[in-house]
Amino acid sequence: VQVVLCMAVMKFFPKVPKIGKIIPASLVGLLLGALLEHTLFRMAFDVSTRTVKETAIMKGSFPKFDWPNQFPTASGDTWSVIIIYGITLAAIGGVESVLTLQACNEITDTVPKISDSNQELFAQGLANLVSGLFQAMGGDAMIGQSTINIMNGARYRVSSTMSGIFMLLFVVVLDPFINLLPIGTLTGVLFMVVLSTFQWKTFVILRYGRLSDSVAILLV
């Protein structure tokens with residue numbers, strides 16, 4: 001029920017006059033799902049859907065600066081592991097970021113530019129370098145989050161900046177609210193992302209394409 005409800009809200013809420021273009025449909029779906037879960041479903045029908053808190057409690061704090069102390073004494077084996085994994089993750093992150101940028105350009109009918117890809121990769125590498133000094137994991141562009149931003153009307157880079165700021169607030173300040181969200185509602189958001197990014201022409205490739213291509217598509 002939570003999945004279908006959230007998908008329906010994300011599908012039809014943007015068509016509501018005036019407010020449909022102002023308030024993100026995914027936010028409305030999450031709020032409505034959480035409200036119904038903790039009022040109607042649990043109190044009236046005694047039926048519950050697993051929430052974020054019941055799955056894995058989300059709680060964090062502001063990161064602290066920590067300069068790596070193994071650089072002067074690191075052995076050759078340690079450096080080889082660092083370099084190999086660093087190059088591998090950088091290559092994977094770079095490819096995924098470029099593909100995400102390409103997908104966003106197709107959704108928004110934007111003419112792609114090589115300079116955009118270079119700027120994205122440089123900023124990503126710089127951000128990962130700084131995040132490592134705070135004991136944080138590296139990252140890259142995510143097709144799911146980027147698609148959600150675009151579906152909610154985002155068109156400029158300020159949207160990704162605000163997304164990062166609110167993510168920090170959700171982890172360190174607003175975590176009690178996140179812990180109340182039903183997993184089914186979050187699943188509905190992801191399903192809508194899949195439906196928005198899936199290339200339906202893939203079925204044509206499966207039917208008329210080479211057998212090796214069809215097998216690779218099905219396996220992935």
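Descriptive notes on the structure:
Residue by residue, here is whether (1) open to solvent by 60 Å² or more (accessible area, probe 1.4 Å); (2) assigned to a loop (DSSP other than H, G, I, E, B) holds:
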| position | (1), (2) |
| --- | --- |
| Phe134 | yes, yes |
| Asp140 | no, yes |
| Thr187 | no, no |
| Val193 | no, no |
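- Residue match in segment 35-44 (condition: part of a loop (DSSP other than H, G, I, E, B) and open to solvent by less than 80 Å² (accessible area, probe 1.4 Å)): no
- Any hit, segment 116-124, residues being without any contact (Cβ under 8 Å) to a residue 24 or more places away in the chain, open to solvent by less than 60 Å² (accessible area, probe 1.4 Å) and touching a helix residue (DSSP H, G or I) at 6+ places or on another chain (Cβ under 6 Å): yes
- Some residue of segment 92-101 being touching a residue at least 24 places away in the same chain (Cβ under 8 Å), closer than 30 Å to Leu174 by Cα, open to solvent by 70 Å² or more (accessible area, probe 1.4 Å) and under 29 Å from the mean Cα position of the chain (by Cα): yes
For (1) within 17 Å of the chain's Cα centre (by Cα); (2) on the phi > 0 side of the Ramachandran plot; (3) not hydrophobic (A, V, I, L, M, F, W, C), each residue gets a yes or a no:
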position	(1), (2), (3)
Phe122	no, no, no
Val130	no, no, no
Gln135	no, yes, yes
Asp140	yes, no, yes
Gln145	yes, no, yes
Asn149	yes, no, yes
Val158	yes, no, no
Ser163	yes, no, yes
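- Number of the condition not met by Thr110 [criteria: (1) in a helix (DSSP H, G or I); (2) open to solvent by 60 Å² or more (accessible area, probe 1.4 Å)]: (1)
- Any chance Val171 is under 25 Å from Ser26 (Cβ atoms) and either modelled with pLDDT of 80 or more or crowded, with 16+ Cβ neighbours inside 10 Å (or both): yes
- Residue match in segment 62-78 (condition: in contact with an Asp or Glu (Cβ under 8 Å, 6 or more places away or on another chain) and open to solvent by less than 100 Å² (accessible area, probe 1.4 Å)): no
- Matching option when the condition is in contact (Cβ under 8 Å) with a residue 12 or more places away in the chain and hydrophobic (A, V, I, L, M, F, W, C), among Phe191, Phe203: Phe191
- If you filter segment 5-20 down to residues that are touching a Gly at 6+ places or on another chain (Cβ under 7 Å) and farther than 17 Å from Thr51 by Cβ, you find that the one that is surrounded by the most Cβ atoms within 10 Å (Cβ to Cβ) is Met10.
- Matching residues, segment 146-159, being surrounded by 14 or more Cβ atoms within 10 Å (Cβ to Cβ) and part of a helix (DSSP H, G or I): Ser146, Thr147, Ile148, Asn149, Ile150, Met151, Ser159
The values are calculated or read from the model by the stated rules, or taken from the named source; none is laboratory data. Because the structure is predicted, anything quoted here is derived from the model rather than measured. Counting neighbours? That spans all protein chains shown, and the Cβs are built from the backbone with ideal geometry, glycine included. The area values use the complete protein model at the heavy-atom level, side chains included, leaving out ligands, DNA and RNA. Shrake-Rupley method; radii C 1.70, N 1.55, O 1.52, S 1.80 Å.
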